[in-house]
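Worksheet: one structure, shown below.
The values are calculated or read from the model by the stated rules, or taken from the named source; none is laboratory data. The model shown is predicted, which means the values in this text are computed figures rather than measured ones. Positions of Cβ are backbone-derived with ideal geometry, glycine not excepted, and every protein chain shown enters the neighbour counts.
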Amino acid sequence: MKAETWLFGICTVFFLLVAPAYWFISYDPTGTSALTMTFLLTLLVTFYLGAHARRISQSGAPRPEDRNDAEIADGAGELGFFPPYSWWPLWAGATLGMIVFGMAMGEYWLSIIGAGLGGVAVCGWVYEYYVGEHAH
């Protein structure tokens, strides 16, 4: 995990140095804001990987990816919960499309209807594991 942290840390420092230099050379607000956001995103990933590496190193055992003598089977085990098929992301995306279309066309009533349906879609997506076939 330390290699990934160092890699993103170097990228973070690079974008930290390049963003102001780009501004002073070009005075382009669009490119400067894109480089600033790239810096912030790489900083976020660096912080996450560093915190995760510290937490793993406190447990005592290194990750199989960090050991030279590790086998593929050492990384086996439960990887987490992966949800089954769901129709709710489709409806959430469709309502977002309705909201954006209503805003772009100036039809705010369509955006309001889309926001109401979007609330239903997001609630259905969040609570789909409490009712029905996949209830816990």
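For Thr42, the criteria (1) outside the structural domain of Phe8 (by TED's automatic domain parsing); (2) part of a helix (DSSP H, G or I) hold in every case but one, which is (1).
Residue-wise test of (1) touching a residue at least 12 places away in the same chain (Cβ under 8 Å); (2) within 25 Å of the chain's Cα centre (by Cα).
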residue	(1), (2)
Leu40	no, yes
Leu43	yes, yes
Gly77	no, yes
Ala92	yes, yes
Met98	yes, yes
Gly102	yes, no
Leu110	yes, no
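Checking each residue in the stretch 1-41 for being of a type in the set (D, E, K, R) and farther than 30 Å from Pro62 by Cα picks out only Asp28.
Kindly evaluate Phe15 against the criterion of being free of Cβ contacts under 8 Å to residues at least 12 places away in the same chain, surrounded by 14 or more Cβ atoms within 10 Å (Cβ to Cβ), out of contact with any Cys (no Cβ under 6 Å at 6 or more places or on another chain) and at negative phi.
In short, no.
Criterion applied to Leu79, Leu90, Leu35 was being within 26 Å of Glu4 (Cα to Cα), hydrophobic (A, V, I, L, M, F, W, C), out of contact with any Cys (no Cβ under 9 Å at 6 or more places or on another chain) and exposed (fewer than 14 other Cβ atoms within 10 Å of the Cβ), and the one residue passing it is Leu79.
When Tyr85 is tested against (1) of a type in the set (Ser, Thr, Tyr); (2) farther than 17 Å from Trp6 by Cα; (3) surrounded by 10 or more Cβ atoms within 10 Å (Cβ to Cβ), exactly one condition is not met: (3). Within the stretch 54-72, residues that are touching a residue at least 60 places away in the same chain (Cβ under 8 Å) reach partners that are surrounded by 10 or more Cβ atoms within 10 Å (Cβ to Cβ) and not small (Gly, Ala, Ser) with beta carbons closer than 7 Å, at six or more positions or on different chains, in the pairs Arg63/Met1; Arg63/Ile56; Asp66/Met1. Within the set Asp74, Asp66, the sole residue that is touching a Pro at 6+ places or on another chain (Cβ under 8 Å) and either loosely packed, with under 15 Cβ neighbours inside 10 Å or closer than 30 Å to Ile10 by Cβ (or both) turns out to be Asp74.
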